[in-house]
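Working notes, structure below.
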C-alpha cells in the first residue's frame with residue numbers, strides 16, 4: 001500500500017523565530033525564507049510487507065533503490081520506489097539492525113545492535129562479513145557515518161558508552177570510552193574537518209573526537225535538562241541538535257561554544273527526534289510527541305520554521321532520516337511499518 005499526502009507550504013513574510021522564545025503555534029510557523037512561489041511538501045509512504053518489523057534508517061543507493069533495516073525482523077531490505085517491489089536479506093537472530101549506510105562500491109554496512117558487531121552485506125549474493133567489537137562492553141553499535149575520505153566508519157555505541165572507528169580496509173576497530181554514567185552516545189555527523197560530532201543522549205553534552213589522536217572534547221549545554229538525540233552539521237560547520245526532552249532545536253558554535261535554541265512549533269512536549277540537513281542548509285526534524293508525527297523544517301538564514309506536516313500513516317515514531325540531494329527528498333522509516341519520502345520545496 002502507498003500513502004500520499006500533499007500539504008501546501010505557503011511562503012509567508014513573517015518575523016524570524018526567536019531563540020529560546022515561547023513555543024510557536026502552527027499558524028505562526030512559516031516556510032523557510034525561500035524566494036519561491038507557493039509550493040508543497042509531498043509525503044509518500046510505502047507499506048513494508050513484513051508486519052511490525054520497525055523498518056528504519058533508510059539509505060539511497062546509486063540506482064535509486066532504498067535500503068533499510070528491519071530492526072525487529074532481523075533483516076536488511078531494499079525498496080524500488082519506481083515499482084514498489086521489496087527484497088529482503090535475512091540476518092542471524094538477535095542482530096536487530098539499527099542503522100545502515102552504503103559505501104561507494106555498493107556494500108551495505110549495518111549496526112548489529114544486540115550482538116555487538118558491524119556487518120557488511122554484499123547485495124550481489126547476500127554474503128555478510130562481520131566485524132565484532134573488540135570490547136564486549138561495546139555491546140550495542142547504534143548509528144554509523146562514513147568519514148569524508150570514505151575509508152573509515154565512525155559509530156556510536158549507546159548503552160555501552162563508546163564512540164568507535166572502523167577501518168574498512170582492514171577491519172581494525174578503535175573504541176573511545178565516553179566518560180560519565182549513562183552518557184549514551186547517539187546521533188553522529190562529520191564536520192568539514194573530518195571530525196565526528198555526536199550527542200550524549202544521557203547527559204547535556206555534545207562531544208567531538210579528533211581522529212588523529214582520538215582525543216575527546218565535550219561541550220556542556222547550558223540547560224542541565226537538555227538531552228540532544230540527533231545531530232546535523234551545516235556547511236558553515238555549525239553543530240545542530242534536537243533536544244528531545246525540552247522540545248528545542250539547538251545550535252552549537254564550536255569556535256566560541258555559544259549555544260542558541262529555538263522552541264519547536266510543537267512546544268515542550270514535541271519530542272523532536274530525527275534530524276537531517278538538506279543542500280540549502282535547512283534543518284528537517286520530526287516531532288514525535290505529536291500524533292500523527294509531524295515533519296518540520298527550519299532555515300537558519302531566516303530563522304523560520306515550516307508549518308508542521310503530518311505523516312500520512314501517523315508514523316507512530318520517526319527516528320532517523322537521510323537527505324538525498326539528487327532528488328531533493330528526505331527518506332525515513334516509521335514505526336507504522338512504512339518507508340517514507342518527503343519531497344521538499
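Among all positions in region 327-336, there is at least one residue which is closer than 17 Å to residue 47 by Cα and not in a strand (DSSP E or B).
Looking only at residues in region 85-118 that are more than 22 Å from the chain's Cα centre (by Cα) and in a strand (DSSP E or B), the one that is farthest from residue 172 (Cα to Cα) is 85. Scanning region 158-201 for residues that are under 28 Å from residue 255 (Cβ atoms) and modelled with pLDDT under 95 turns up just one, 180. If the condition is being touching a residue at least 60 places away in the same chain (Cβ under 8 Å) and either touching a helix residue (DSSP H, G or I) at 6+ places or on another chain (Cβ under 8 Å) or surrounded by fewer than 18 Cβ atoms within 10 Å (Cβ to Cβ) (or both), then region 80-103 contributes 84, 103.
Taking the numbered list (1) surrounded by 16 or more Cβ atoms within 10 Å (Cβ to Cβ); (2) touching a strand residue (DSSP E or B) at 6+ places or on another chain (Cβ under 6 Å) in turn, residue 216 passes all entries but (1). One residue stands out among those in region 144-159 that are in a loop (DSSP other than H, G, I, E, B) and more than 10 Å from residue 189 (Cα to Cα): the one that is nearest to the chain's Cα centre (by Cα), which is 158.
Collect the residues in region 119-131 that are surrounded by 14 or more Cβ atoms within 10 Å (Cβ to Cβ) and more than 24 Å from the chain's Cα centre (by Cα), keeping them in residue-number order.
The answer is 128, and nothing else.
When residue 131 is tested against (1) farther than 25 Å from residue 191 by Cα; (2) assigned to a loop (DSSP other than H, G, I, E, B); (3) in contact (Cβ under 8 Å) with a residue 24 or more places away in the chain, only condition (2) is not met. Considering 317, 279, which residue is more than 29 Å from residue 237 (Cβ to Cβ), touching a residue at least 12 places away in the same chain (Cβ under 8 Å), surrounded by fewer than 20 Cβ atoms within 10 Å (Cβ to Cβ) and within 16 Å of the chain's Cα centre (by Cα)? One residue alone meets the criteria, 317.
The values are calculated or read from the model by the stated rules, or taken from the named source; none is laboratory data. Because the structure is a prediction, the values reported are computed rather than measured. Every residue, glycine among them, receives a Cβ derived from its backbone with ideal geometry; neighbour counts consider all protein chains shown.
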